[in-house]
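See below for the structure under consideration.
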Amino acid sequence: MKQLKKFAIIGMGRFGTSVASTLISLGHEVLAIDKDENRIKEISTKVTHSVIADATNESVLRSLGLNSFDCVIVSIGCDIQASILTTLILKDIGVKRIIAKANSDLHGKVLSKTGATTVIYPEKDMAEKLAKSFASLNILNMVEIARDACLIEINVPKTMVGKTLKELNLSQKYKLNVVALKRKNDVKVMLSPNEELLENDTLLVICPGSCLKWLGEIA
């Protein structure tokens, strides 16, 4: 039987919110912490508990009993000073495992020395994965059109050539919706499920922000 754990996440930006949602979906308990009231309102119905608090205030963090949690994740965005101070306080109050998000190598080194058990670099890791995906799939352009939606222009991979959209079933397999097909100088918008993809075709697709998951799969 899977052992459920208690997590606290400090900083409800995009990364913190995504981590919180994933942990909740796995059945764990999550306490969301942020000093921004609006962010807490947005996440409050999705997590186990939420609180508006300044994580650089030691007395506030102590009052939350974070030393009883299995893990505390410091996901503070651009305020490097706040992330370092928060990590230091968590160490001082006896938190067993501290995972801290870093914006740079230097930031990460300071977090490690301050008390972070693990330092992660989500932006750097994402950029590396994205670069590899771009190289393997000849992605021509990518635009984030919403918080969880990307519009991507991509050359048709060899694995798709000669197959119809119906056969590929991209929407079901990869949550990828084809909105247009570019073939030489023509652009087709109203596409038939029986449209056969040809070599040198270009697809315009909309997919979730987590689209990196399927990029490698269809290469």
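Every number in this text was worked out from the coordinates using simple rules, so none of it is lab data. This one's a predicted model, so the numbers in the text were calculated from it and none came from an experiment. Note that each Cβ is placed from the backbone with ideal geometry, even for glycine, and that neighbours are counted across all protein chains shown.
Once fully extended, how much extra length lies between residue 180 and residue 52, figured as 0.36 nm per residue of separation less the alpha-carbon to alpha-carbon distance?
Value of the extension gain: 41.7 nm.
Give the whole-number value, in cubic angstrom per residue, of the convex hull volume spanned by the C-alpha atoms of the stretch 6-124.
88 Å³
With a point put 7 Å past each Cα toward its Cβ, work out how far residue 199 is from residue 78 in nm, to one decimal.
4.8 nm
Sequence-distant or interchain residues sharing an amide H contact under 5 Å with residue 50, placed H: which?
Hits under the 5 Å cutoff: 32.
How far apart, in nanometres, would the label points at residue 109 and residue 91 be if each is projected 7 angstrom from Cα along the Cα-to-Cβ direction?
1.5 nm
List every residue whose amide H lies under 5 Å from the amide H of residue 76, counting only residues 5 or more places away in sequence or on a different chain, with H placed 1.01 Å from N in the peptide plane.
Under 5 Å from the amide H of residue 76: 101.
Given the pairs 101/124; 91/124; 5/46; 41/96; 158/188; 6/46, which are separated by over 18 angstrom at their Cα positions?
Pairs exceeding the cut-off: 91/124; 41/96; 158/188.
Expected output is a single nm value to one decimal: the length gained when fully extending between residue 151 and residue 189, i.e. 0.36 nm times separation in residues minus the C-alpha distance. What is it?
Using 0.36 nm per residue and subtracting the Cα-Cα distance, I get 12.2 nm.
What length, rounded to one decimal in nm, is gained on full extension from residue 121 through to residue 171, with 0.36 nm per residue of separation minus their alpha-carbon distance?
On the way: separation 50, 0.36 × 50 = 18.00 nm, distance 3.06 nm.
Full-extension gain reported as 14.9 nm.
Suppose R0 equals 25 Å; then what is the FRET efficiency for residue 141 and residue 42 from their Cβ-Cβ distance, rounded to the nearest 0.05?
Taking R0 as 25 Å, the efficiency between residue 141 and residue 42 is 0.25.
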